[in-house]
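Please read the structure below before turning to the comments.
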């Protein structure tokens, strides 16, 4: 499924790009501009495009965040300790019963493990409001954003819960509900 | 009734496909009887789809949980209006709802043009029925039939997601869908114009109201969505650059660009290919937004379903439509030649052109950021995401550029603006803008971008006000009317122009509100009953919130609801109470937080019951479980988004209001005569 996703989404993007290029060609060719018409115009539009391109480039390089699994994250920081300073996004599994909080400091603590290898895990500190759906009493996938500190604790700035089937159930799941 | 609805859905498909064939054939062979057959199928399909939708609604109202769709989105205790809104709560129903609205607009377009614009109608009907047919095909053959039955009848349904149990649920999705579907009509006219070769401005004049209507619903739908997200905890405030929010923004951006660029075509006969490209792009983006909302391809707070198969069908459809339209445009290229050339960069057409470049650049940047995780995953195998900072960084300068153009565009002349015109029109607004920015700086506001936004907003507002004052005075002098009468007549005579300015005022208010959020304040604290917390607003008010304790009760569809009560005083004077809740729904395991909002003109006090030391105890009214943690926020100028939305609605209504007598088309106007303040 993943590779299909990529092929199809990139075709959407290529479609979009081709519109932009078609517009540029249109302006240069039979459009409102002829070669003798105002060059300042093309300069100005070219300038806008360059500025936008620059903004996108710097925007991406400054704000891009790696989306990793816990195993990838731990391997990554072993190879390259400076990775401790980089903001990352991690998706893993919340460990049952691992949540606790310090209500004076308003800190939440919990443990997150890799989806495939449960022995790979780290503890997480989070200082904000947890989503309503966060629940350490059942198996739950979470997505964290933040920084993996040198002391092996993940300092999270964003915590999202992910439960794909909670909005819709397949007929089989409904049968199971029914039997229960 | 329910079976009847299902039957109607099955009958509608062949009728739509046959009707499309009839209409296209009748158009090509110039056979009126065939075209009429096509038009009659439009009416028939609307009737059939009404039956289908009624069938679904009846299934919800009568708690028919043997239907998969009802079992998943309803339960016995659900409020009636949420049962009705079940029609668009999930993917399956919303597809039916989408095609119902499309069919409604098809009926209006067909009926209102039954005696006029006949040269366009065969292909218009053909295109509308083809799109309808595609959606019906998907509904019946892509595993999304809303009438799918379960092998047994569960005692109760699984209930509606509590986040959707909000009154905005009954209004936000339909508004957005009205905007999406209304755009199919201009698209159909554009394709029709390409097919029959009438590529002057006729198709634009016919569909102008439709474009405005679609834009109007999209804008309102987006603002309703912002309001909903603002009230709902966990959706990141009024705008979070979530993929689905972005998807609804994309067609709005291109539609806004289109709304402006058609004015260049109407007045100067330029940008014909460009406009065709924009109408096709916007239509494709409405389809894109429709399926992205319900597909789950990109991780989002909105993804309510994970049926990816349907996404590929939709992408395939988009690809076919795009390819067909590009071929048509290339085929008709000779007829799409520009009649004029841009003469000076100091002209209204150039301002509009830059407006288009900026809107398209914004659309491109938003699209790129939304799809970035998938692109990087495909190229490097490593998923890399960009978050809200990326979108803010790019869209802030683009938005400010557009804000500036919003002031410049209306008062700069077509073709070539004279220096005198520029100095006369811009000297005062620039001074006012600078003074306002300076005033805010001296008052202690130290946020650069916010200051620029305030200054530019003042600049634009001054220009619009001056235009209104000048217009009213001129009319009052020439016609000898009082100022109020003159003002009303002024707006009434050229609704498109003055209504447009009013829409601009609304947009300025929304921009100001965005800038205001730079000054938001927040704090988190844990309180025992009787304890209080103070927060100082950026305007210097001191709010003191005194916690009164928790009380718990049972509610409709709720197992328990615990309410925290806060006494609020401003600068020492009591101004009332605020509540924030935790709710436990019958059909939902996790508790749900409801925030408390106290809105004032300039700032909102926003209260979240973050957690209760012993929630189960609190639900049982245990006197010992009263210690609770709160987050208190002061949100600056948020209200201006909603006021701006109201102003946009007012301006939009004025622009679209049907006029008596012959509508003066600006195409008939000689552009050489329109100088400093022409008709738009």
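The values are calculated or read from the model by the stated rules, or taken from the named source; none is laboratory data. The structure displayed is predicted, hence computed values, not measured ones. So basically every Cβ, Gly included, is an ideal-geometry build from the backbone, and we count neighbours across all protein chains shown.
Of the residues B:215, B:274, B:241, the single one that is part of a helix (DSSP H, G or I) and either surrounded by fewer than 24 Cβ atoms within 10 Å (Cβ to Cβ) or more than 11 Å from the chain's Cα centre (by Cα) (or both) is B:274. Among the residues of the stretch B:585-597, not a single one is out of contact with any strand residue (DSSP E or B) (no Cβ under 6 Å at 6 or more places or on another chain), in a loop (DSSP other than H, G, I, E, B) and away from every other protein chain (no Cβ under 14 Å).
Among the residues making up the stretch B:393-422, those that are free of Cβ contacts under 8 Å to residues at least 12 places away in the same chain and within 14 Å of another protein chain (Cβ to nearest Cβ) are B:393, B:397.
Looking across A:60, A:88, one residue alone is touching a strand residue (DSSP E or B) at 6+ places or on another chain (Cβ under 9 Å), part of a strand (DSSP E or B) and modelled with pLDDT of 80 or more. It is A:88.
Residue-wise test of (1) over 25 Å from residue B:631 (Cβ atoms); (2) away from chain B (no Cβ under 14 Å); (3) over 18 Å from the mean Cα position of the chain (by Cα).
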{"position": "A:87", "(1), (2), (3)": "no, no, no"}
{"position": "A:98", "(1), (2), (3)": "no, yes, yes"}
{"position": "A:114", "(1), (2), (3)": "yes, yes, no"}
{"position": "A:118", "(1), (2), (3)": "yes, yes, yes"}
{"position": "A:134", "(1), (2), (3)": "no, no, yes"}
{"position": "A:145", "(1), (2), (3)": "no, no, no"}
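The residues listed here are A:18, A:37, A:49, A:30; of these, the one that is at the interface with chain B (Cβ under 8 Å from one of its Cβ atoms), at pLDDT below 85 and farther than 24 Å from residue B:401 by Cβ is A:30. Look at (1) over 25 Å from the mean Cα position of the chain (by Cα); (2) modelled with pLDDT of 90 or more; (3) closer than 30 Å to residue A:99 by Cβ and you find that residue B:635 fails only one, number (1).
Quick check, is residue B:209 buried (at least 22 other Cβ atoms within 10 Å of the Cβ) and more than 26 Å from residue B:366 (Cα to Cα)? Considered against the rule, which asks whether it is buried (at least 22 other Cβ atoms within 10 Å of the Cβ) and more than 26 Å from residue B:366 (Cα to Cα), residue B:209 comes out as no. When residue B:384 is tested against (1) at the interface with chain A (Cβ under 7 Å from one of its Cβ atoms); (2) in a helix (DSSP H, G or I); (3) touching a helix residue (DSSP H, G or I) at 6+ places or on another chain (Cβ under 7 Å), just one condition goes unmet, and that condition is (2).
How about the stretch B:334-351: which of its residues are facing chain A (nearest Cβ under 10 Å), assigned to a helix (DSSP H, G or I) and either surrounded by 19 or more Cβ atoms within 10 Å (Cβ to Cβ) or touching a helix residue (DSSP H, G or I) at 6+ places or on another chain (Cβ under 7 Å) (or both)? Matches in the stretch B:334-351: B:336, B:349, B:350.
Scanning the stretch B:144-173 for residues that are part of a loop (DSSP other than H, G, I, E, B) and under 29 Å from the mean Cα position of the chain (by Cα) yields B:144, B:145, B:146, B:159, B:160, B:161, B:165, B:166, B:171. Residue check: residue A:108 meets all listed conditions (1) within 19 Å of the chain's Cα centre (by Cα); (2) within 24 Å of residue B:594 (Cα to Cα); (3) crowded, with 18+ Cβ neighbours inside 10 Å; (4) modelled with pLDDT of 85 or more but one, namely (1).
For the residues A:127, A:76, the requirement of being assigned by TED's automatic domain parsing to the domain that holds residue A:143 and touching a helix residue (DSSP H, G or I) at 6+ places or on another chain (Cβ under 7 Å) singles out A:76.
Would you confirm whether any residue within the stretch B:193-203 is free of Cβ contacts under 8 Å to residues at least 60 places away in the same chain, buried (at least 24 other Cβ atoms within 10 Å of the Cβ) and out of contact with any strand residue (DSSP E or B) (no Cβ under 9 Å at 6 or more places or on another chain)? The answer is no; no qualifying residue exists.
The set of residues in the stretch B:614-632 that are within 14 Å of another protein chain (Cβ to nearest Cβ), surrounded by 16 or more Cβ atoms within 10 Å (Cβ to Cβ) and not in a strand (DSSP E or B) comprises B:615, B:625, B:626, B:627.
Taken together, the criteria place residue B:117 among residues that are at positive phi and either within 26 Å of the chain's Cα centre (by Cα) or away from every other protein chain (no Cβ under 14 Å) (or both).
Only a single item in (1) under 28 Å from residue B:633 (Cα atoms); (2) surrounded by 15 or more Cβ atoms within 10 Å (Cβ to Cβ); (3) at pLDDT 85 or above is not met by residue A:113, and it is number (1).
On the stretch given as the stretch B:533-560, residues that are in contact with a helix residue (DSSP H, G or I) (Cβ under 7 Å, 6 or more places away or on another chain) and farther than 14 Å from residue B:521 by Cβ total 3.
The test for being more than 23 Å from residue B:652 (Cβ to Cβ) and without any contact (Cβ under 8 Å) to a residue 24 or more places away in the chain holds for residue B:540. Within the set B:7, B:36, B:51, the sole residue that is assigned to a helix (DSSP H, G or I) and at pLDDT 95 or above turns out to be B:51.
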